[in-house]
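**Q** If you scroll down you'll find the structure; I have some questions about it.
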Amino acid sequence: MDLFKNNKVINWHDHVWLDDKGNLDERRLELTIKAAYDTYMDLIVSSLPVLKGNPTPEEFRHCNDVQYQAIKKHPNMMKGMAFINPGYVKESLEEIDRCINEFGFLGIKLYNQYHISNPVVRDVIEKCIKLDIPILEHAAKLNYKPELQPFTSNGEHFAKVASLYPEGVFIHAHIGGGGDWQWTLKAIEEFPNIYLDISGSVCDEGIIEAANSYIGSKRLLFGTDMSFSSSIGKMLGADISYEDKVEILNNKKFEKYLMRRGI
Amino acid sequence: MIIDVNTYLGHWPFRKIKYNQAQTLSKHLDNKQVDLACVSSINSIFYKDTQQGNIELSEEIKDYKNKFIPFAIINPSYAGWKKDFIYCIEELKMKGLELYPYYHDYKLTDENSIELINLATEMNIPIHLPCAVENIRQKHWLDTNKNLSLEELDQVLAVCENTKFIVSNGSSHEIAEYLIERKKLKNNNVYFDFARVEIFNDDLYKLIDTVSADNVVFGSVSPFQYIEPQLVKLQYLTIKDIDKIKSDNIKKLLNL
């Protein structure tokens, strides 16, 4: 664990969750925070997305309120990404302002309600560009049929939107999230404003080496997405240079989002 | 000492795999402080006649007997399975039987399957049941759509109460709970690895609480997966019986 102990580690992808009563699941939060401290992380960037259906503004505002509640419990370890449903354009734009200005969140989190290339999402993307904040989007190229999440974005959806908005900062979530990671790397390779987090439970030998080879460490971000041992193990086991690993653990391009919040 | 219950050698048709030869995997395991590894032939999963892969494996590891413990892959729906299995155990000195019903298109509950499992039990050979090889969500379009069937496992446990099973590369904590609810783990005859069980959310502790440290073993799925995620779990696992999990349980199971 010396790699983690001796370097700054920013975890750009993890979550808090609601309990059965719709409140902050404090047990899971505390396990996550303990894991972060135990594994020498400096910061977790977290969100609370709704995984199924088409959440209303009331629902996504509640998610962000709960995320902020978690941050207030652990202000030195956790920051937030605002979850919104871009189908509710006006309410989403208002919610982004609320989360960025009042809660100090660092960016936004989109889930599987719309492909990121869907024109519905464009007002939200333009808002993020105006605010200069990153967009983390749930993503995968799933080869398993039937498709359980038909509106999950894949690398080609990212490529479309990245070429349409070259000034946007798009984070393709979890290369280890269970999809065809080789396909994904080829799909996003040529788009310098698509970044990729390494989180997820899939820890295939070679996945980090391939990601580093296709898009380079400067476009890779460390994350866990609840799979701490897999994500940490991938970093420890990858046959890439120490300098590349250090860059992934604390991507310099993303430091500005932290610095403006005094981190 | 670490003994790995789940490694492979051979050619995987859907993705280039590093360290898939005895020499390279042996060195790789050495580098990760894995002392011994149960190993089977990827080729046996794909050859129609699995025995050709078993014989290849035996030849491949002949100079690495201090590193690898060979397991036979047998398809009980393919002619000659009984003779092949006996040959693997008696002549090739294989120590375990590994089954892939979801690749070889049979059910664990088929008559021949039960007969093979009972024969292995009579010969004091444990049955290794990997839940999958690669994660199904990234599967190649020609790869199987299935994983190990828990319903079939449940039914087999009911009729093979004295057989020793190793279940690997799946959600072991959930599988163990499923089997406990059905009263199928009363003989302590099922062992689980933790390749796909997280420690930092307590799932690994749940698994150990459910089946006890006497029935948990180390499995890495190397060379398909990095070994380090499993080593991280060992590093953070705070139980006094950790040596059982690292090596003692599998030593006892395989009479090493």
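Taken together, the values in this text are just the output of simple stated rules run on the coordinates, not laboratory data. No experiment lies behind these values; they were computed from the predicted model shown. Positions of Cβ are generated from backbone atoms using ideal geometry, with glycine treated the same way; all protein chains shown enter the neighbour counts.
**Q** Working only within the range B:228-247, note down all residues that are assigned to a helix (DSSP H, G or I) and either among the hydrophobic types (A, V, I, L, M, F, W, C) or surrounded by 18 or more Cβ atoms within 10 Å (Cβ to Cβ) (or both).
**A** Going residue by residue through the range B:228-247, those that are assigned to a helix (DSSP H, G or I) are B:228-236, B:242-247.
B:GLU228, B:PRO229, B:GLN230, B:LEU231, B:VAL232, B:LYS233, B:LEU234, B:ILE242, B:LYS244, B:ILE245, B:LYS246, B:SER247, listed by residue number.
**Q** Filter the range B:172-206 down to the residues that are under 21 Å from A:GLY178 (Cβ atoms) and among the aliphatic types (A, V, I, L, M), then identify the one that is nearest to the chain's Cα centre (by Cα).
**A** B:ALA195
**Q** Continuing with the same structure: On the basis of being surrounded by fewer than 17 Cβ atoms within 10 Å (Cβ to Cβ) and among the basic types (Lys, Arg), does A:LYS90 make the cut?
**A** yes
**Q** Please identify the pairs in which a residue from the range B:200-223 that is within 12 Å of chain A (Cβ to nearest Cβ) and without any contact (Cβ under 8 Å) to a residue 60 or more places away in the chain has its Cβ atom under 7 Å from the Cβ atom of a residue that is crowded, with 24+ Cβ neighbours inside 10 Å and part of a loop (DSSP other than H, G, I, E, B), counting only partners at least 6 apart or on another chain.
**A** What qualifies is B:ASP203/B:VAL197; B:LEU204/B:PHE194; B:LEU204/B:VAL197.
**Q** How many of the residues in the range B:114-153 are under 17 Å from the mean Cα position of the chain (by Cα) and in a helix (DSSP H, G or I)?
**A** Within the range B:114-153, residues that are under 17 Å from the mean Cα position of the chain (by Cα) and in a helix (DSSP H, G or I) number 7.
**Q** Just to check your reading of the model, which residue among A:ASP204, A:ASP239, A:ASP225, A:ASP180 is of a type in the set (D, E, K, R), within 14 Å of the chain's Cα centre (by Cα) and either within 17 Å of A:ILE108 (Cα to Cα) or at the interface with chain B (Cβ under 10 Å from one of its Cβ atoms) (or both)? Talk me through it step by step, then tell me what you get.
**A** Working: A:ASP204 fails: within 14 Å of the chain's Cα centre (by Cα); A:ASP239 fails: within 14 Å of the chain's Cα centre (by Cα); A:ASP180 fails: within 14 Å of the chain's Cα centre (by Cα).
Result of the check over A:ASP204, A:ASP239, A:ASP225, A:ASP180: A:ASP225.
**Q** Against the conditions (1) touching a Ser or Thr at 6+ places or on another chain (Cβ under 9 Å); (2) surrounded by fewer than 21 Cβ atoms within 10 Å (Cβ to Cβ); (3) outside any loop (DSSP other than H, G, I, E, B); (4) of a type in the set (D, E, K, R), where does B:LYS18 fall short? Just the number, please.
**A** Status for B:LYS18: all satisfied but (3).
**Q** Another question, then. Pull out all pairs, ordered by first then second residue, where Cβ-Cβ is under 7 Å, the residues are six or more apart or on different chains, the first lies in the range B:82-100 and is farther than 10 Å from B:ALA72 by Cα, and the second is among the aliphatic types (A, V, I, L, M).
**A** B:LYS82/B:LEU119; B:TYR100/B:ILE45; B:TYR100/B:ILE73
**Q** State all residues of the range B:1-60 that are touching a Cys at 6+ places or on another chain (Cβ under 7 Å) and without any contact (Cβ under 8 Å) to a residue 60 or more places away in the chain; if no residue qualifies, say none.
**A** The one that is touching a Cys at 6+ places or on another chain (Cβ under 7 Å) and without any contact (Cβ under 8 Å) to a residue 60 or more places away in the chain: B:ASN54.
**Q** Out of (1) at positive phi; (2) in contact with an Asp or Glu (Cβ under 6 Å, 6 or more places away or on another chain), what's the single condition that is false for A:TYR40?
**A** Tallying (1) at positive phi; (2) in contact with an Asp or Glu (Cβ under 6 Å, 6 or more places away or on another chain), A:TYR40 fails exactly one: (2).
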